[in-house]
1. Taking residue 135 as the residue in question, decide whether it is part of a helix (DSSP H, G or I), among the β-branched types (Val, Ile, Thr) and either crowded, with 17+ Cβ neighbours inside 10 Å or assigned by TED's automatic domain parsing to the domain that holds residue 203 (or both).
2. If I filter segment 215-224 for residues that are within 27 Å of residue 114 (Cβ to Cβ), of a type outside the set (Val, Ile, Thr) and part of a strand (DSSP E or B), do I get at least one hit?
3. So which of 217, 230 is closer than 17 Å to residue 23 by Cβ, of a type outside the set (Asp, Glu) and outside the structural domain of residue 59 (by TED's automatic domain parsing)?
4. Could you tell me which of the residues 34, 104, 40, 60 is in the same structural domain as residue 184 (by TED's automatic domain parsing) and among the aliphatic types (A, V, I, L, M)?
5. Being within 24 Å of the chain's Cα centre (by Cα), under 30 Å from residue 5 (Cα atoms) and of a type in the set (A, V, I, L, M, F, W, C) narrows it down to one residue among 121, 81; which is it?
6. Six or more apart or on different chains, Cβ atoms under 9 Å: show the pairs whose first residue is in segment 56-70 and surrounded by 17 or more Cβ atoms within 10 Å (Cβ to Cβ) and whose second is in a loop (DSSP other than H, G, I, E, B) and among the aromatic types (Phe, Trp, Tyr).
7. Within segment 88-122, how many residues turn out to be part of a loop (DSSP other than H, G, I, E, B) and either more than 21 Å from residue 187 (Cα to Cα) or polar (S, T, N, Q) (or both)?
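The values are calculated or read from the model by the stated rules, or taken from the named source; none is laboratory data. On a predicted model such as this, the values are computed, not experimentally measured, just so you know. Note: ideal-geometry Cβ built from the backbone for every residue, glycine included; neighbour counts use all protein chains shown.
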Amino acid sequence: MKLEVGCHLKFDALEPTPLVLMLKPRSGDSQWILREAYSLAPFVPAREYTDAYGNLCQRLTTPVGAFSIRTEASIETSDTISVAPGAPMTSIDCLPDWTLQFLLPSRYCQSDQLIDLAEEISADCLPGYDQIAAISAWIHDRVEYQYGTSNASTSALDTAQQRVGVCRDFAHLGIALCRALDIPARMVVGYLYQLEPMDLHAWFEAYLNGQWYTFDATQAQPRGNRVAIAYGRDAADVAMATQFRPLTLTSMEVWVNPITDLELS
């Protein structure tokens with residue numbers, strides 16, 4: 001399916017504020033960028049770089065006062081995501097070097113403190129994909145999705161104890177439980193078609209058998225038509241905006257709409 005995705009962020013700054021943004025998706029196996037636009041109002045000089053996880057980042061300094069960023073892209077997305085029931089886990093000695101960082105505890109994913117829970121959830125599963133599927137199903141069934149129940153400091157351990165959160169918290173818990181079983185897992189942020197209510201979304205991926213598999217514990221069934229923007233160990237690596245002075249986000253609009261070839265022409 002072809003999708004038009006985008007967001008419009010409005011800020012207010014009391015002083016010039018250095019800002020790093022992650023708002024531009026890039027082409028990959030399950031998404032292809034057909035066209036895109038990125039506008040700053042008022043315009044300020046900006047530059048782009050690629051971070052350690054392969055994410056496209058934009059670096060700029062906001063002016064004093066009102067400042068807005070609008071991004072939009074037309075993207076060919078995959079209607080499905082890969083599933084592989086029964087796929088075995090990859091032993092640590094056979095993992096690529098670059099995946100090892102996704103085995104370690106991180107700021108929001110205290111996998112070393114969740115080993116018992118991970119083993120309890122996956123006790124009757126074959127090592128590998130079936131364990132991750134059980135983890136995702138357990139989070140979906142046992143953790144309540146509710147806005148306003150977590151904040152920027154909420155971790156996987158908090159969510160495991162409180163059993164409530166939003167997509168960010170569901171992803172952190174899934175990642176931590178996978179790592180507790182020695183399965184590399186990483187966080188993804190982006191867009192999801194027909195997400196209700198519409199917003200930027202977060203899910204996780206786990207590495208098995210030479211590839212990353214998508215898991216989204218907020219959804220009852222596997223769903224495609226996703227647009228990934230950024231990947232990282234946890235939310236600290238994939239923030240849509242990282243500011244280095246006081247900066248107020250005054251409004252945010254997000255959209256994901258289907259488009260036709262005629263609309264692209």
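1. Yes, satisfied.
2. yes
3. Answer to the selection: 230.
4. 104
5. 81
6. none
7. Number of matching residues: 4.
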